[in-house]
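A.B. asks: Quick one: structure below, then a few questions.
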Amino acid sequence: MSDLYRKYYDVIIAGGGVSGATSAIAAGRQGASVLVVEQNGYLGGSLTGCGVGPMMTFHAGEKQVIRGMMQEIVDRLTENGYSKGHVRDTTRYVSHVTPFDPEGLKRILDQMAEEAGCHVLLHSFLGGVEMEHGRLSGLTVCNKDGLHTVHGSVYIDATGDGDIMAWSGCEYTRGRPEDEAPQPMTMNMKYANVNTRALKDYVRGHLEDFPRLEHNLDLLNSDVPFALAGFNSLWRQAAKDGELSIPREDVLMFETSHPGEFIVNTTRILNADATSAQGLSNAERTGRRQCAELDAFLRSHAPGFESAILEFTGPSVGIRGSRQLVGKYRITAEDILSGRQFDSRICLSGYPIDIHNPSGQGTETHYVGGKNSGGYYSIPYEIMVPKEVPNLLVPGRCASASFEAQASIRLTPSVGSMGQAAGIAADMAVRGNLPVGDIAVGKLQDTLRKQGALLEV
């Protein structure tokens, strides 16, 4: 048996997505012994495995409100030619977005985890938990080595779906309160060899079909990576003619850091259960069927896509939400829209509440302080702290939030920032032999500030 399974770790992290990777790196940098268990063959989660991009957003209006480790990742991407950094959002949904090369991100996260001394088990699934006296004592891991149990002092549930917190008996909710319906899943598509000039020329001549680009020709004519939402009338007609069954009203696409390469984020998979193997299987098949419809639409109706190369449909379906922890505090829409600044804040965010309709067409958006206000809010430490299990932290999209609030905190820069705080907090709990809810949040904040995180702007 490998020494990896015999070792007792300070911190074990379930899931190596964005929040899991930053948790691991942060804890390792503090000196903790760290194990990451990840089901894919790489770190980065939805950014490297679901075709999600760009990162949205580090800003609130013109103010950058997220830095720390997430900015370090962007800096490393930029220095190595994998990103152009923060650029203007040509759709003006937010002020800035951050395109990046996912293959580069895989390498950067590998390097950062190695530098921090983290042990990473890839291609490893979680199969259950062990509990002793109300505490987590072990996680069952299934991989090429068979079934093993790994043991540690503090655990971080960065699965996205809250698998560990659910299996260990923590209270949680699902979806919107009235019917537990989740936000739709999306299977992204990535194209290369798109004729961006032809696409832009078409948009210029049909601005009525691209309402988000109205009065935005300065960005349309610039060389920043191009994003658009539109083809509205063509989409409606294609749906009427039976060419499309996707319950959406337009096409959303983002140019990556490579000219002529676009991520298309348009499919909408309703009523899929991300916590069920059968639910995920059904969602994957539905996503690929919708992608085929979308591909046919783009090649028929979108100038510039005639000779485009479909590089992939997402290696796995993108999940917006599933289980939601009911922790020591539950952040709400009111907290977000009022720009609340918690005394126990661990990061800031300027991303709006962005709810994709669980029932079909439509996306509901509410901006912090109103559109174009540049408003931002804070995320408190307590939303990562379960009430039931004293040695578990839950960062990321399954942290303790109302359905509406989760639609804002789930974005990559926010969940990565939560992960950084979780990793530091886990190390503090280990060193102090404390429940995670009893650490000195003021000291956590001091450490975050020293590492470049913004807790006030």
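Since every read-out is calculated from the coordinates, none of them should be taken as a lab result. What you are looking at is a predicted structure, and each value in this text was computed from that prediction instead of being measured. Using ideal geometry, Cβ is built from the backbone for each residue, glycine included, and neighbour counts are taken over all protein chains shown.
A.B. asks: Report, ordered by chain and residue number, the aspartates and glutamates lying within cross-link reach of K190, taken as a straight Cα distance under 15 Å and ignoring same-chain residues fewer than 8 apart.
C.D. replies: Counting by Cα, and skipping residues close in sequence, K190 has these aspartates and glutamates nearby: D101, E103, E255, E261, E293, D295, E306, E311.
A.B. asks: Whole angstrom only: what separates the Cα centroid of segment 54-97 from the Cα centroid of segment 131-156?
C.D. replies: Rounded to whole Å, the Cα centres lie 36 Å apart.
A.B. asks: Work from the charge dipole of segment 189-313 (Cβ charges, +1 for Lys and Arg, -1 for Asp and Glu, about the Cα centre) and give the residue of P247, P211, H258 farthest towards its positive end.
C.D. replies: Farthest along the dipole direction, towards plus: P247.
A.B. asks: How far is helix 102-115 tilted, in degrees, relative to the longest principal axis of the Cα atoms in the chain, given as a value from 0 to 90 rounded to the nearest 10?
C.D. replies: 20
A.B. asks: Among rounded, prolate and oblate, which fits segment 1-47 when a ≥ b ≥ c are the square roots of the eigenvalues of its C-alpha gyration tensor, a/c under 1.5 means rounded, and a/b larger than b/c means prolate?
C.D. replies: Judged from the Cα gyration tensor, segment 1-47 comes out oblate (a/c at least 1.5, b/c at or above a/b).
A.B. asks: Treating the beta-carbon of each Lys and Arg as +1 and of each Asp and Glu as -1, no other charges, what is the dipole magnitude of the chain about its Cα centre, to the nearest 20 debye?
C.D. replies: Value, rounded to 20: 280 debye.
A.B. asks: Here are some pairs, K144/K387; K63/K371; K84/K106; which of them have Cα atoms lying more than 24 Å apart in this structure?
C.D. replies: Violating the 24 Å Cα-Cα cut-off are K144/K387.
A.B. asks: Right, here's the next one. Place a +1 charge on the Cβ of each Lys and Arg in segment 189-313 and a -1 charge on the Cβ of each Asp and Glu, then give the dipole magnitude about the Cα centre in debye, rounded to the nearest 20.
C.D. replies: 260
A.B. asks: So, in Å, what gap is there between the alpha-carbon centers of segment 183-259 and segment 350-425?
C.D. replies: 27
A.B. asks: Let me understand the chain better: what is its radius of gyration from the alpha carbons, and its Dmax, in angstrom?
C.D. replies: Cα only, the chain: 21.3, 67 Å (Rg, Dmax).
A.B. asks: Compute the long axis of helix 196-205 from its Cα atoms, compare it with the longest principal axis of the Cα atoms of the chain, and write down the angle in degrees, 0 to 90, nearest 10.
C.D. replies: 60
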